[in-house]
2 protein chains.
Amino acid sequence: MEYNQKQLTIINAAEALFAEQGFVGTSVRDIAQKADVNIAMISYYFGSKEKLMEAVFQLKSEKIKLKVDSLLADDSLFPIQKVHALIDDYLARFCKHQIFHRIILREKLAENETSIGTLLMEMRLKNLEAITKLIQQGQEEGSFKASIDIPLAMLTMVGVLNQMLTSIPFYQKVHHLEHLTEDELSGHVQQVFSDHLKNLFNKILLK
Amino acid sequence: MEYNQKQLTIINAAEALFAEQGFVGTSVRDIAQKADVNIAMISYYFGSKEKLMEAVFQLKSEKIKLKVDSLLADDSLFPIQKVHALIDDYLARFCKHQIFHRIILREKLAENETSIGTLLMEMRLKNLEAITKLIQQGQEEGSFKASIDIPLAMLTMVGVLNQMLTSIPFYQKVHHLEHLTEDELSGHVQQVFSDHLKNLFNKILLK
DNA sequence: TGAATTCAAACAAACGTTTAATTTTGCCCC
DNA sequence: GGGGCAAAATTAAACGTTTGTTTGAATTCA
């Protein structure tokens, strides 16, 4: 699907507002105002608020599955290094597309059989498939444990990352990091969680 | 605060609906219908939808902080056993009060300066305080590492538990557990996550 | 000139809340 | 114990807003 500049403006405005206030919490008028377009343009281009949400989701989730495939084919890295690279990739993605992942989390909480919910399950299954291959490489190579609950490992990583999203202010407060700029804080948190997750996965995966 | 039976009926209906559809996604009419009371009773008893939400939150979070204190005083357990007990307690709580924890997660995502958001931060700080004492016992006793990022450890546990809440259908699907009843599934998942978390925290905490 | 875009205005439906009338309840005094 | 009565509880209806969407005319563009 191709979108013109105006449509992309609307999609980006919607993404930000959906992430901040939720789907039902965001009115079409809010979106129109933020995107600086007339209200009617949203129905005109997307048909409905629901369809707009689908467009947001589809556009933003398109590019998400490529990394694992490139890692799978990379012969220059040890399996555990690939996992580390994957962690950093996920981490960067979560930080860069925070708002998008907030939407996903919101939708997972809703769990109503929305059209988004179905897209979401498909995405998770594909991700699991790819990650399974990655871990199997490590098992065949001999450095990984033979018995690993891969879905559980995946849930652990995503769970910690989601928690990071919703807990940065808390983490900042308890570690007295109020003096940092937003970017410094983000970088710091990213480093902390990168180390933490790699450490965790060494222990989960390695013999 | 004391509530009569009718008020409790309303609070419980609201809790379920807020968890399922979110705060904005739930109308006062929905709540009234589910609780089988007249619409006006909600304003009559609680003043507003917002105040009703506060009542839900307050009532359900009252009993949440007691466990840690009792563990702290217990001399019959090793520090790591206390942590294990805490994990099982959290886990049971998350499973039993799923819907309530969904609300909390939703509110953390919103992060607007609502009255609930403030209550939430206070709760987390209190929990952190208690858990810090628990871990310090282990450090002084010598079995725990000297350098532990306690907030990070806490976020890890809560993150994994939250992820469990939103991922049970996914976990069921990928492990082909469709033949289990809802209770069997819940029990199974609880056991898996209990083992997983204890294992994880052994590695995070112990020397 | 004809199709695509933009706009202010209007639409019905749903929202949270209030009103004013009615019923139920609890309690005092005879 | 039972009538009287004020407070509490409950109701249907209506309130004014805000919601998502549509309309039809105006404008832009090719």
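Can you tell me which of (1) within 8 Å of another protein chain (Cβ to nearest Cβ); (2) open to solvent by 20 Å² or more (accessible area, probe 1.4 Å) is the one A:His176 doesn't meet?
Going through the list (1) within 8 Å of another protein chain (Cβ to nearest Cβ); (2) open to solvent by 20 Å² or more (accessible area, probe 1.4 Å), A:His176 breaks only (1).
Quick check on my filter: what residues within segment B:20-49 are more than 13 Å from DNA strand D (Cβ to nearest atom) and among the acidic types (Asp, Glu)?
Across segment B:20-49, the qualifying residues are B:Glu20, B:Asp30.
Yes/no matrix, rows are residues, columns are (1) open to solvent by 70 Å² or more (accessible area, probe 1.4 Å); (2) over 16 Å from the mean Cα position of the chain (by Cα); (3) among the hydroxyl-bearing types (Ser, Thr, Tyr):
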| site | (1), (2), (3) |
| --- | --- |
| A:Glu141 | yes, yes, no |
| A:Asp149 | no, yes, no |
| A:Leu165 | no, no, no |
| A:Leu197 | no, no, no |
| A:Phe201 | no, yes, no |
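Just to verify a result, which residue in segment B:58-109, among those that are within 17 Å of the chain's Cα centre (by Cα) and small (Gly, Ala, Ser), is modelled with the lowest pLDDT?
The residue in question is B:Ser61.
Hey, can you tell me all the residues within segment A:17-45 that are crowded, with 20+ Cβ neighbours inside 10 Å and within 24 Å of the chain's Cα centre (by Cα)?
A:Leu17, A:Phe18, A:Ala19, A:Gly22, A:Phe23, A:Thr26, A:Ile31, A:Ala35, listed by residue number.
Condition check: among the basic types (Lys, Arg) and either surrounded by 17 or more Cβ atoms within 10 Å (Cβ to Cβ) or more than 14 Å from DNA strand D (Cβ to nearest atom) (or both). Does A:Lys96 satisfy that?
Answer is yes for this residue.
Go through segment A:1-16 and count every residue that is open to solvent by 70 Å² or more (accessible area, probe 1.4 Å), in a helix (DSSP H, G or I) and either within 14 Å of DNA strand C (Cβ to nearest atom) or in contact with a Cys (Cβ under 8 Å, 6 or more places away or on another chain) (or both).
2
Considering segment B:129-139 alone, what residues qualify as being under 12 Å from B:Lys207 (Cα atoms) and surrounded by 20 or more Cβ atoms within 10 Å (Cβ to Cβ)?
B:Gly138
Suppose the filter is without any contact (Cβ under 8 Å) to a residue 12 or more places away in the chain, open to solvent by 60 Å² or more (accessible area, probe 1.4 Å), away from DNA strand C (no atom under 16 Å from the Cβ) and more than 26 Å from B:Arg124 (Cα to Cα); does B:Ser70 pass it?
Numbers: without any contact (Cβ under 8 Å) to a residue 12 or more places away in the chain: yes; open to solvent by 60 Å² or more (accessible area, probe 1.4 Å): yes; away from DNA strand C (no atom under 16 Å from the Cβ): yes; more than 26 Å from B:Arg124 (Cα to Cα): no.
Against the criterion (without any contact (Cβ under 8 Å) to a residue 12 or more places away in the chain, open to solvent by 60 Å² or more (accessible area, probe 1.4 Å), away from DNA strand C (no atom under 16 Å from the Cβ) and more than 26 Å from B:Arg124 (Cα to Cα)), B:Ser70 does not qualify.
Answer yes or no: is there a residue in segment A:48-57 that is surrounded by 13 or more Cβ atoms within 10 Å (Cβ to Cβ), modelled with pLDDT of 85 or more and not in a helix (DSSP H, G or I).
Taking every residue of segment A:48-57 in turn, none turns out to be surrounded by 13 or more Cβ atoms within 10 Å (Cβ to Cβ), modelled with pLDDT of 85 or more and not in a helix (DSSP H, G or I).
Evaluate segment A:131-140: report whether one residue or more is free of Cβ contacts under 8 Å to residues at least 60 places away in the same chain, over 22 Å from B:Glu20 (Cα atoms) and either at the interface with another protein chain (Cβ under 10 Å from one of its Cβ atoms) or touching a helix residue (DSSP H, G or I) at 6+ places or on another chain (Cβ under 7 Å) (or both).
yes
Within segment A:47-56, identify whether any single residue is more than 14 Å from every other protein chain (Cβ to nearest Cβ), closer than 25 Å to B:Ser167 by Cα and either β-branched (Val, Ile, Thr) or within 14 Å of the chain's Cα centre (by Cα) (or both), and answer yes or no.
Looking for residues that are more than 14 Å from every other protein chain (Cβ to nearest Cβ), closer than 25 Å to B:Ser167 by Cα and either β-branched (Val, Ile, Thr) or within 14 Å of the chain's Cα centre (by Cα) (or both), one finds at least one in segment A:47-56, hence yes.
Just checking, how many residues over segment B:179-195 are exposed (fewer than 15 other Cβ atoms within 10 Å of the Cβ) and within 11 Å of chain A (Cβ to nearest Cβ)?
1
Name the residue, out of A:Leu66, A:Leu17, A:Leu52, that is more than 16 Å from DNA strand D (Cβ to nearest atom) and not aromatic (Phe, Trp, Tyr).
Only one candidate passes the filter, namely A:Leu66.
Any residue at all in segment B:141-154 that's of a type outside the set (A, V, I, L, M), in a helix (DSSP H, G or I) and within 12 Å of another protein chain (Cβ to nearest Cβ)?
yes
The values are calculated or read from the model by the stated rules, or taken from the named source; none is laboratory data. Here the structure is a predicted model, which means the values were calculated and not measured. Because the Cβ atoms are built from the backbone with ideal geometry, glycine has one as well, and the counts that use them run over all protein chains shown. Accessible surface is based on the protein model in full, side chains and every heavy atom, while ligands, DNA and RNA are left aside. Shrake-Rupley method; radii C 1.70, N 1.55, O 1.52, S 1.80 Å.
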